[in-house]
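Some notes on the structure that comes next.
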Amino acid sequence: MSDIFQVPIFLFLLQGLRVTLTIAGAAILMSLVFGTILAVLRNHGGFWGHLAAVYIEAVRNAPLLLFILAFRFMTPLPPVYAGIVAMTVFETAALAEIVRGGLKSIHKGQWEAGATQGFNKIQVLRYIVLPQAIHNVIPPLVSQFTTIIKDTSYVWAVGIEDLTGKGMIIMGRYTTAAQVFTLFGLIAAIYFVINYSISCYARRRHQRMAKAIY
Amino acid sequence: MPGPFAAFKWEALLSDWNVFAEGFGMTIAVSVLALLLALVLGIAFGMMGTEKSRLFRLVNRCYVELIQNTPLVIQIFFLYNGLPYIGIQLPIFWVGMLGIGVYHGAYAAEVVRAGILSVPKGQFEAAMAQGFSYRDTMRHIILPQAKRLAYPPLTNLAVNLIKNTSVMAMIAGGDLMYHADSWASANLYYGPAYVVTGLLYIAICFPLATYAKHLESKLEVSV
Amino acid sequence: MKKVTTCFLAILFCIGMLAVAGCGADKPAASDAASASGSAAVPADIKAIKDRGVLKVGIKVDVPKFGFKDPNTGETSGMEIDLAKQLAQEILGDASKVEFESVTAKTRGPLLDNGEVDYVIATFTITDERKKSYNFTEPYFKDGVALMVKKASGIQGLADLNGKKIGVAQSATSKKALESAMKEKNMKADILEFGTYPEIKTALDSGRIDCFSVDGAILAGYLDDSTVILPERYDPQLYGIASKKGNDGLAKFANDTIAKLQSSGEMDKIIEKWGLK
């Protein structure tokens, strides 16, 4: 036990955690933006809507690992960037579907009401429809965010040293059951604390907001 | 320099099609069994989550939160590299099936729980008043109604499960992704290998995802 | 005044580089530059380093005993690091006047080409193909695909691995080398491919595989009390110090240094120091 709980090991894991959070954070931000755009397009229909639909369906029905391998081995991007791009490409499709669910939940009357107030379509979307749509899907969005943090561990398949990677590197140096189990527990605990706090925080905020509205 | 999608690379892939077929078979076998396991776990733990007993609810929360908040990759690595230290060396197929089944079982449990909670409490009380046992109430009254609501998310869950079987590539699991990547890194014909792999996954996932949408829209109409 | 001279020489050096890049690999552009700078005795490429006051070397940071950066101390060490220091000692008279740049299999070529490093000493295997693009010294180390097994397993060589599982990294070389060696021995083992080295080591520790097989140099970094590297080598590979085509002064200099180290027995000492025998 005591040979695992050492400062250098924590620092080493912390470096990995930074990579995990960098990739996950960048992927979350970018895919939220792109996902929202795709959701709006698909909801709107027309040529661009169809294109968005094709992208979403093609990407979300293939595994994330495939995108990570492809971007790592077939593009000249540096490893961490390849990871970010691959995850963004993949998660954009997933977030687009969630946001679209929110858009569908907005009553058509809102569009008309906005229009009669002199808003143009973009303005209605920006100030009336999207805020409500996103608010309605905060729980599944946050749950997808935690999934993104977890799924970042797939980048270890191409040797990017995220938290999982650093953990496995250390694992290679320890060979007793107690050490290996402690390490697994420690790594799992780090992921757990992060994801659990995020979902708890989101849940509480959502409840408070829901109370404030109704 | 020939492009990443040069014709001869496609020919090489065609002549090695059995490599991909073998992996595809493994992926489907693991998917089906893991899905069954996930459903069984989902129903069992989902029902626990709706119990009055605090112990049952605690068991439900522990399972769901522990599994949902840690990565599948770590769980699979644990089964693969951790368990042998205490003398349990599961065959690779079991590692995949158990790991993937247990992981998605946690998501299934949440879906099932939400489904059961959506059935008004009065129905439960009415059934009990009619002399139904707990088991019969669940089986004949509650679960059939919960099922309707749980079906679409469960179908989506099946799609995620199939995609996540690719985690086996990280433990030399012999699934589609492993064989594709191994084939590609041996001859560096990445382009065709990844495209064909993607299409094979889409071939099973897209119909399921479309079916889920269909179920969802039916649900919306009836509600 | 000194600054101006340095600037001038730096510019001259850059022009020399451009000339090399522009003229193609065959032209001895370095000697032109040498005469231009006015000192015939010292080749321009070496003079440029002397003026810069520091030697830039591309090294690996992930191959223990060759080039490895300790994640805890941030210090880089290994036999290739020692070689680089020897070169700096010879050129600049000070072993510490060396600047390390971490390279990977992918980046070491481009970094030589764009002049970011003077030498690459990074488990760089000498091949005819590569000789067309870079100058290589005579080999300073001979390596090959090696086998690491658990001491307790009692496995003595490839022959004992019949019907067992061998873990390799996802790349063509070790798998191919093993497959052809096994064909010769008329045996068969399961070859499992993993994405990274630590994963293979973990799989060996947990008993998932019976043997971990990659280049001996890389394997040495994963050796511990419970494991042993077998003496057999497959698909032998020779490591050399690479420099850019055209920087012929650098190439000759490195070659001379290697020869000197080898004849004085210093090279054996370095190899022994890192336990690479």
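Couple of notes before you dig in:
- Count Lys and Arg as plus one, Asp and Glu as minus one, and take only other residues whose Cβ is under 14 Å from that of residue C:239; the net charge is then +1.
- Among A:98, A:122, A:134, the residue with the largest mean-square fluctuation in a Gaussian network model of chain A, with springs joining Cα atoms closer than 10 Å, is A:122.
- log10 of Debye I(q)/I(0), alpha-carbon scatterers only, for chain B at 0.11 Å⁻¹: -0.66
- DSSP finds beta bridges in the protein assembly as shown, and of those with both partners inside it, around 55 percent are antiparallel.
- Number of partner chain Cβ atoms within 10 Å, mean per residue of A:136-149: 1
- Using only Cα coordinates, the Kirkwood hydrodynamic radius of region C:160-277 works out to 16.7 Å.
- In loop segments of region A:119-156 as defined by DSSP, the chymotrypsin sites (Phe, Trp or Tyr not before Pro) with at most 16 further C-beta atoms inside 10 Å of their C-beta are A:119.
- Measuring between their Cα centroids, region C:142-163 and region B:96-123 lie 48 Å from each other.
- Centre separation in Å (Cα based) which lies between region C:219-277 and region B:1-80: 45
- Amide H contacts under 5 Å for residue C:238, placed H, 5+ residues apart: C:126, C:143
- Residue among B:197, B:70, B:165 with the largest mean-square fluctuation in a Gaussian network model of chain B, springs linking Cα atoms under 10 Å: B:70
- Shown here for region C:76-146: trypsin sites (Lys or Arg not before Pro) in loop regions (DSSP other than H, G, I, E, B) with at most 11 other Cβ atoms within 10 Å, namely C:106, C:132.
- Residue mean of other protein chain beta carbons inside 10 Å, A:193-202: 2
- Annotation: the residues B:206, A:184, sorted from fewest to most other C-beta atoms within 10 Å of their own C-beta, follow the order B:206, A:184.
- Proximity of backbone amide H atoms, modeled 1.01 Å from N, is registered between residue C:98 and C:55 at under 5 Å, excluding neighbours fewer than 5 places apart on the same chain.
- Residues B:64, B:73, sorted so that the one with the fewest Cβ neighbours within 10 Å comes first: B:64, B:73
- Between the C-alpha center of region C:86-101 and that of region B:185-223 there is a gap of 57 Å.
- Stretch gain in nm, segment residue B:136-residue B:117, where the contour uses 0.36 nm per residue and the Cα spacing is subtracted: 5.1 nm
- For the protein assembly as shown, radius of gyration divided by Kirkwood radius, i.e. Rg to Rh on alpha-carbons: 1.04
- What the phi angles of region A:13-27 give under the Karplus curve with 6.51, -1.76 and 1.60, with θ = phi - 60°, is a coupling list of 5, 4, 4, x, 4, 4, 5, 4, 5, 5, 5, 5, x, 4, 5 Hz, glycine and proline written as x.
- Each of C:268, C:210 has some number of other Cβ atoms within 10 Å of its Cβ, and from fewest to most they run C:268, C:210.
Rule-based calculations on the coordinates, nothing more; no lab input. This structure is a prediction, so every number in the text was calculated from the model and none was measured. We place every Cβ from the backbone using ideal geometry, glycine too, and count neighbours over all the protein chains shown.
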